[in-house]
1. Work out the charge dipole of the range 12-133 with +1 on the Cβ of Lys and Arg and -1 on the Cβ of Asp and Glu about the Cα centre, then indicate which of ALA18, ALA31, PRO127 is farthest towards its positive end.
2. Jot down the radius of gyration and Dmax of the range 99-158, Cα atoms only, both in angstrom.
3. Restricting things to Cα coordinates, could you compute the convex hull volume per residue of the range 1-100 in Å³?
4. How large is the helix-only mean residue ellipticity at 222 nm for the chain, computed as the sum of -39500 (n - 2.57) over DSSP H runs with n ≥ 4, divided by its residue count, in deg cm²/dmol to the nearest 500?
5. Using the Cα centre of the range 316-369 as origin and beta-carbon charges of +1 (Lys, Arg) and -1 (Asp, Glu), tell me which of TRP337, GLN352, LEU366 is placed farthest towards the positive end of the dipole.
6. Compute the Kirkwood hydrodynamic radius of the chain, taking the inverse of the mean of 1/r over all pairs of distinct Cα atoms, and give it in Å to one decimal.
7. Loop sites only, by DSSP: take the trypsin sites (Lys or Arg not before Pro) in the chain that have at most 15 other C-beta atoms within 10 Å and name the longest stretch containing none of them.
8. What's the whole-number percent of alpha carbon pairs in the range 1-52 lying beyond 14 angstrom?
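The values are calculated or read from the model by the stated rules, or taken from the named source; none is laboratory data. Here the structure is a predicted model, which is why all the values come from computation and not from measurement. Ideal geometry is used to build each Cβ from the backbone, glycine not excepted, and the neighbour counts take in all protein chains shown. Surface areas here come from the heavy atoms of the whole protein model, side chains and all, with no ligands, DNA or RNA. Shrake-Rupley method; radii C 1.70, N 1.55, O 1.52, S 1.80 Å.
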Amino acid sequence: MKPAKLFTPLQVGKLNLANRIVIAPMCQYSAVDGRMNDWHIMHLGQLAVSGAALLTIEATAVTPDGRITYGDVGLYSDEAEAAMASVLQSVRRWSDMPIGIRLSHAGCKASREKPWHGGGQIRDGAPNGWSTSAPSPVAFHPEETAPAGLDRAGLAAVREAFADAARRADRLGLDFIQIHGAHGYLLHQFLSPLANVRDDEYGGALENRMRFPLEVFDAVRDAFREDRPVTMRVSGTDWVDGGWSIEDTVAFALALQARGCAAIHVSSGGLSPDQVIPVGPGYQIPLARAVKQATRMPVIAVGLITEFEQAETILGSEDADLIALARAMLYNPRWPWHAAAHFDAQVKAPNQNQYLRSKPSQHRDLFGH
């Protein structure tokens, strides 16, 4: 019987993955001044023993004003770096799963309330609020305060902040970096004509709108050790007429590939409240497929992928190379275990005896023992 592709190895750059299941970043909005704490040990720790191939730390701000909320994790200070180092030490003590980080700047979508408190914009001067910046003075929502447009000094500062965060990630020994270019945050704002109305070399034509995100990629790639991959997450479409499109995404992906991008994670939306998303199982797979057909990079598919056979079909059809799970992993933190049992495959589990004994009796080789 041919083994399930979901449990075949894959190399991303020089990083060897045991299977095709990756844990997508999930914002927890539970940091204090950018510093991780014991919640993050619990959250990441239980995911690190799930049997997936790799784990990605949530969207991590490269500047304080680049946080989505005041509860975001940051990697912009020695204190934030030390807090992350402490969390990583705890997780790595019990798991050898590769761990990476998503570096991000929220742009005009910064300075928000935590989602469970409504998620609305907190205006500058209010408690937990600050002024925001973006490619252009275009607010995410018409009723919100518009951000300041970044000038040349601002562009240079943001670019250097991404590079500095990459150097901190390098010191922390993280296995890879994912740059956040999706979901309506700063780099996506540069890409989309809906948010970028600049009239300089960073606005207008597609080549110009791609310029700053590509400069950020180059800065991060130069700052991170050569033998560890740098990847990018993109929104394949804005789901708005006249916005960022899948054709634009393919052009951007090819430019990233030429610069040494190791993989691309294809999501969608997040830039405009006018978006109309056809949400359903695997609704973003056609976007991943388009990028996969045009590039040589490993492509990561994500979005309402919940079933084992669904994931296997995506890989078997060569619509993507890896399957990213987020909320499905929270709902079922042993999703890879159950998938391995379903496909008569093997997955890694902790050595602690009760973990090993918890495998279903009809799948005696599930953990390779």
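1. In the range 12-133, that residue is ALA18.
2. Rg then Dmax for the range 99-158, in Å: 12.7, 39.
3. Values: hull volume 10.7 nm³, N = 100.
Each residue corresponds to 107 Å³ of Cα convex hull volume.
4. Numbers: 11 runs with 121 residues, N = 369.
Value at 222 nm, helices only: -10000 deg cm²/dmol.
5. Of TRP337, GLN352, LEU366, it is GLN352.
6. Details: mean 1/r = 0.0481 Å⁻¹.
Hydrodynamic radius (Kirkwood, Cα pairs) of the chain is 20.8 Å.
7. Working: sites that count: LYS14, ARG123, ARG225, ARG259, ARG296, ARG364.
In the chain, the maximal stretch lacking such sites is 15-122.
8. Numbers: 864 of 1326 pairs.
Tail of P(r) above 14 Å: 65 percent of Cα pairs.
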